[in-house]
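Shown next, in structure tokens, is the structure this report addresses.
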Amino acid sequence: MRKRLNIFCACMIAAFLLSVSGNVYMLVKGFINGVETGMKAAQGETIDIPEYKMVHILPTDMIETTGTVTNLKDGRQLAVKPITALVECPYTQSAPWLETLQVLISLIVVIGFVYATVYFAKLMIHINRNIVFDWINVKHLRRIGWSMVSICVLSYISVWISNHQLTQSIELAGSELNILIAFSDSTLILGFIALLASEVFAIGLRLKEENELTI
């Protein structure tokens with residue numbers, strides 16, 4: 001029984017880390033590229049860094065070619081229809097406070113992921129120690145749940161800002177910017193599942209306490 005519990009705990013931790021690995025990879029890759037660019041600039045090399053915005057795109061026509069990528073196998077250009085993409089924004093006319101807000105949101109999202117990971121690890125440790133139906137686990141689940149819900153909401157706001165900025169300067173042929181795809185992220189569902197589990201635990205604990213008082 002305990003061996004199976006340990007296996008499930010390990011699987012849950014692995015699944016959680018995989019769910020945030022894409023965002024972590026992008027942050028690490030961006031940091032590395034930024035350091036490389038800074039080193040080249042320090043050596044006197046002039047570098048023109050384009051500004052990119054992350055957007056969610058829906059094709060208006062599934063037949064029409066909206067973009068191409070190069071097939072390195074034979075050098076041919078292949079059609080591609082991106083759903084989530086980084087699009088170069090040639091110029092931005094949005095207010096500076098929107099840029100500041102996006103940077104702040106990105107920072108809060110990173111902190112939120114770390115916060116949720118820490119309490120998820122604490123929850124797994126308690127469960128592994130057979131501390132399951134306890135009020136401390138209810139608190140951990142609530143913190144994890146609200147963290148993930150907040151991350152999803154903030155990410156949605158960030159996507160909306162990016163789309164708003166892009167619509168001021170560009171219009172994509174055969175595609176339209178769509179923010180509804182942002183809700184396809186499982187973070188929101190996982191957050192509400194954690195909140196639901198916390199309430200189930202809380203109801204069970206209250207019933208247990210009432211029965212003990214009755215006896």
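The values are calculated or read from the model by the stated rules, or taken from the named source; none is laboratory data. The structure displayed is predicted, hence computed values, not measured ones. Heads up, the Cβs are rebuilt from the backbone with ideal geometry, glycines too, and the neighbour counts pull from every protein chain shown.
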Considering each residue of the stretch 111-126, count those that are in contact (Cβ under 8 Å) with a residue 24 or more places away in the chain and exposed (fewer than 15 other Cβ atoms within 10 Å of the Cβ), and give that number. 1
Select from the stretch 127-144 the residues that are of a type in the set (A, V, I, L, M), exposed (fewer than 14 other Cβ atoms within 10 Å of the Cβ) and modelled with pLDDT under 85 and list them in ascending order. Ile131, Val132
Test set (1) under 17 Å from the mean Cα position of the chain (by Cα); (2) closer than 19 Å to Leu123 by Cβ; (3) modelled with pLDDT of 70 or more; (4) surrounded by 10 or more Cβ atoms within 10 Å (Cβ to Cβ) - Tyr25 fails condition number: (2)
Among the residues of the stretch 77-88, are any under 22 Å from the mean Cα position of the chain (by Cα), charged (D, E, K, R) and surrounded by 12 or more Cβ atoms within 10 Å (Cβ to Cβ)? yes
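So that you can scan it fast, the table gives a plain yes or no per residue for (1) at pLDDT 75 or above; (2) under 30 Å from Ser198 (Cβ atoms); (3) aliphatic (A, V, I, L, M):
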{"residue": "Asp48", "(1), (2), (3)": "no, no, no"}
{"residue": "Val55", "(1), (2), (3)": "yes, no, yes"}
{"residue": "Ala85", "(1), (2), (3)": "yes, no, yes"}
{"residue": "Pro90", "(1), (2), (3)": "no, no, no"}
{"residue": "Ala95", "(1), (2), (3)": "no, no, yes"}
{"residue": "Gln102", "(1), (2), (3)": "yes, no, no"}
{"residue": "Val118", "(1), (2), (3)": "yes, yes, yes"}
Taking the conditions exactly as written (surrounded by fewer than 15 Cβ atoms within 10 Å (Cβ to Cβ) and either free of Cβ contacts under 8 Å to residues at least 12 places away in the same chain or in a loop (DSSP other than H, G, I, E, B) (or both)), does Glu210 satisfy them or not? yes
Being of a type in the set (S, T, N, Q) and modelled with pLDDT of 90 or more narrows Ser158, Ser169, Ser147, Ser186 down to just Ser147
What are the residues in the stretch 89-110 that are touching a residue at least 60 places away in the same chain (Cβ under 8 Å) and within 18 Å of the chain's Cα centre (by Cα), if any? Leu101, Gln102, Val109, Val110
